[in-house]
Structure formats: structure tokens, C-alpha cells
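Here the structure is laid out as C-alpha cells; the discussion comes afterwards.
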């Protein structure tokens, strides 16, 4: 009872001092990055940003080969090594099978970016049951399978990073996207639990990114009540901030920073 308040005070002061100091960025030149949903949207921009910031290899996973191939070719033309594998993260057996292929053909994945997601944008009563299941399988359960596939080797190497591209809607849900909000809330709980579980695992970190509405094809047609106050984010900015957060071992990243206030007001 005497030690606990002293520990709390120490960690609060330490965190405050560290937030004022410039963060050193880790080198990406030896990192093998795998991005799910890497063929389009934020995933595509993440792949380009990792390549731009010097990642050794970039691996793309997704369901549409055409998009994966186009992105891989674009990155390869820039001089970075990039390859792709068609994989549906909702399919557990397929994830484990392709993870084995990646290890054999490319090597050990050291940064896993769980980015794949779908949204149907309908109310509960208007949603098809299969569509509801699909959202949960891709947005939530897919993270279980990919993390189980790659995290054990990271722990063996004592070197790795698990990343989740989540959404502010996981903490401040909206009507009309009940499947997406629910899946992202589950995904956030998964990442919070995983982050706490890895606190004392040397060399292995987690980053959860919670962006506001991003201007991508997935959210085309979405209307915001105050667009001047909350303009949609550019996917390239989300990608840049995400890679910077990974390089500084930032556990949780809200985009834009004003989303902190939204979560507090909601509560």
C-alpha cells in the first residue's frame, strides 16, 4: 500500500518528462513488414511509407490480386523490395498456410500491421446476417489468426511489433455502422489486452492507431455533421503518422489529436 502511490508518482513524472523530450526513432532497415489489406486505401499508403522510410522488405496480403500486384509493382519501381500473397484473413487455415509460405520464401516477419477491414454501413435490421459475420471475421477474428501466426517467432527473436489500424469509432460509435463499430471495439479490447500482456516481453511492442474518418474508398459517401471542424483525414497522413508512431514505440495514436477530447466528452 505504501509502495503503490510511490510507483504511480514515479511513472507519471517519468511519462511527463519523456513526452517533453524528442523521441529517438528506431531504424527500419532490417525490418520485414507484413501489411494486411495492403492493396488499397490506408494499406497501400502504409506500404509506400514503410518503403520510403527504409524498411528492408514489404509484404502485402489481401483478397484482390489486381490491387496487390499494382501496389507491389509501384513500390518495387521505387527501389524497395516488395512482394504479395493473396490471403483472406477471415480464413484461419489460409492465414496459417500463407504465414508458413511467407517464412519459407521471405523470412521472419518483424512488423505485423493488421489493417484489413470492411464496413457495410447499415443498421442492424437492414444488415444481412452473412455480411455481419463477415465484418466480425475480418475486422476482429482476423487479428487473432495473424497475431497467433507471427507473434511466437517475434517472442523467440525478442524483436517485433504488432500494429492495429483501428478507428475512433471503437470508442465513440455512430448509428448506421453497427457492424463496424462493434468489430472495432472488439479489436481495441484485443489490442489493449495484448499490449498489457507484452509489457514485460523484451523487444516486442504494440501500436494501436485510432483515426477519425479517412478519405478512402471504404468510407466513400459518409457524411460528417461538422465537416469544417472535422475534415476527413488523408490516408497518406495516417500512414506517415502510423510509421512514425511505430518507430517511436508509441502504444496508442489518436488522429487527429483532437479525438482525445471527443473520447473524454463522450464519457
Verdict on residue 199 being out of contact with any helix residue (DSSP H, G or I) (no Cβ under 9 Å at 6 or more places or on another chain) and outside any helix (DSSP H, G or I): yes
Options 11, 45: the member that is out of contact with any helix residue (DSSP H, G or I) (no Cβ under 7 Å at 6 or more places or on another chain) and either surrounded by fewer than 17 Cβ atoms within 10 Å (Cβ to Cβ) or within 21 Å of residue 116 (Cβ to Cβ) (or both): 11
Checklist (1) crowded, with 21+ Cβ neighbours inside 10 Å; (2) modelled with pLDDT of 95 or more applied to residue 135, failing item: (2)
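Return a yes/no flag: does region 120-127 have any residue that is under 28 Å from residue 252 (Cα atoms) and either under 19 Å from the mean Cα position of the chain (by Cα) or modelled with pLDDT under 95 (or both).
Here is the first cut: in region 120-127, the ones under 28 Å from residue 252 (Cα atoms) are 120-121.
With the extra rule that they be either under 19 Å from the mean Cα position of the chain (by Cα) or modelled with pLDDT under 95 (or both), the set shrinks to 120-121.
For region 120-127, residues under 28 Å from residue 252 (Cα atoms) and either under 19 Å from the mean Cα position of the chain (by Cα) or modelled with pLDDT under 95 (or both): present.
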Check on residue 183, within 30 Å of residue 264 (Cα to Cα), surrounded by fewer than 17 Cβ atoms within 10 Å (Cβ to Cβ) and under 19 Å from the mean Cα position of the chain (by Cα): no
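The values are calculated or read from the model by the stated rules, or taken from the named source; none is laboratory data. From a predicted model like this one, the values you see are computed outputs, not experimental measurements. Neighbour counts run over all protein chains shown; Cβ positions are idealised from the backbone, glycine included.
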